[in-house]
Amino acid sequence: MTCKDWEERIALAAEDDPGAERHLAECAACREKAAAWQRDLNWLKEAHREPIAPAHYAAVRARVLAELEHSRRRVWRQIWAAALSAAAILILFLLFPRTAQTPATVGRAFRPVAALPGGAPVERPAAARKSRPTLARRAIRKPAPVQHEPLVVKLLTDDPNVIIYWIADRKGE
Amino acid sequence: MLGAMDGPGERLRLIEAARAGDLAAFDLLMRQYERLVLTTAFRLLGNLEDAKHASQEVFLRLYRNLGKLERSDNVSGWLYKVTVNVCHDQRRRRPAQAPVEEAENVAARTADPQQELTAAERRRALELSLRLLSERERAAVVLRDLEGLSTEEVARAMGSTQATVRSQISQARVKMKGFLERYFRRHV
């Protein structure tokens, strides 16, 4: 290995690297290079030893605490807004009772359908009326099939003693 | 006063109190770690105002993660990791005011060839050489050489492996050395 090959390993002289240490023991040029690195490192540490003024730390702390206070106030505002909304909805319910259809009125809506002439009364279980009012609406739109009576056609002839009766069923047969 | 609060028991008490909403306790907790966070951010970003913004974000994240840290005995390690991440995000959102590529030109314009190199000038050259490094290399050098963390701790803070960190540090040192040689050859 050449000195160039050793360069990066020597740059890590602080790390335990027996191979690099052996090379350093043999090569004066690389020893010089490693010493220069160490010198630069010390200069760098020295340069960064200058303390940051306490006012900067205080400014950061003040900003963080202000932000936390602000977010805490925001949370409380949201809680209050939610509570007030809930209270307002409750008051509205108490002042203006609900006027929507109750199960009883749904039942009334059924009656005309049930009373169709000749039709079978439409009955729905009470539980179904209560839990699924949409079924009731569907029943109103689609009336129950009407049972037709047989059709009787009376044909008169020239002879008053002869009368022809034609009786047809629902299908017109 | 703060020295007495360095113990893990006292720290745990402060974390519990802060978690319960005691902002005074959180203020004390920040005082314990403010040097670590602000100086690391300053070294990574190279600008005090940006470093203050980053530190603010780090402490807000600390507040949001107090529950997690109650069970951890390595708050410093967690803070190093978050500081590196926050500075990385900040750099991505807001690039450095003086671009890294211009560092050599800045050095060439301002140094006086006739003047003997003063300590301040040398420090400035070193600072510029830090700016030439990639973000990962700079973070590795800052944490390893300036903050004095072990390679293992640096790897943990950077979410990397020890081998990668070693490689980044050695490459960074070679780059810095090369920059300083060019700088001094030009000006001495």
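The values are calculated or read from the model by the stated rules, or taken from the named source; none is laboratory data. The shown structure was predicted, so the numbers you read here are calculated from the model rather than taken from an experiment. All Cβ positions, glycine included, derive from the backbone under ideal geometry; neighbour counts span all protein chains shown.
A few points about this structure:
- Just so you know, in segment B:46-69 the residues that are farther than 12 Å from A:H56 by Cα and polar (S, T, N, Q) include one that is surrounded by the fewest Cβ atoms within 10 Å (Cβ to Cβ), and it is B:N65.
- Counted residues, segment A:51-66 - those being more than 42 Å from the chain's Cα centre (by Cα) and farther than 17 Å from B:E49 by Cβ: 1
- Scan of segment B:52-81 for residues that are over 18 Å from the mean Cα position of the chain (by Cα) and small (G, A, S), ordered by number: B:G67, B:S72
- Answer residue from segment B:130-167, given it is facing chain A (nearest Cβ under 9 Å) and basic (K, R) and is nearest to B:R91 (Cα to Cα) among those: B:R144
- Scope segment B:148-188; condition crowded, with 23+ Cβ neighbours inside 10 Å and within 14 Å of the chain's Cα centre (by Cα); matching residues: B:V154, B:A157
- Qualifying positions in segment B:21-59 - among the aliphatic types (A, V, I, L, M), free of Cβ contacts under 8 Å to residues at least 12 places away in the same chain and facing another protein chain (nearest Cβ under 7 Å): B:L23, B:L48
- Only listed residue being away from chain A (no Cβ under 11 Å), polar (S, T, N, Q) and farther than 19 Å from A:V60 by Cβ, chosen from B:S76, B:S72: B:S72
- For A:T2: the one exception among (1) among the hydroxyl-bearing types (S, T, Y); (2) over 58 Å from the mean Cα position of the chain (by Cα); (3) crowded, with 18+ Cβ neighbours inside 10 Å: (3)
- Candidate set: segment A:41-71, residues that are at pLDDT below 80 and buried (at least 18 other Cβ atoms within 10 Å of the Cβ); chosen: the one farthest from B:R124 (Cα to Cα): A:H48
- Filtered residue count, segment B:129-147, keeping only those that are buried (at least 19 other Cβ atoms within 10 Å of the Cβ) and among the hydroxyl-bearing types (S, T, Y): 1
- Pairs with Cβ under 6 Å, 6+ apart, first in segment B:168-182 and facing chain A (nearest Cβ under 7 Å), second not in a helix (DSSP H, G or I) and not aromatic (F, W, Y): B:S170/A:L12
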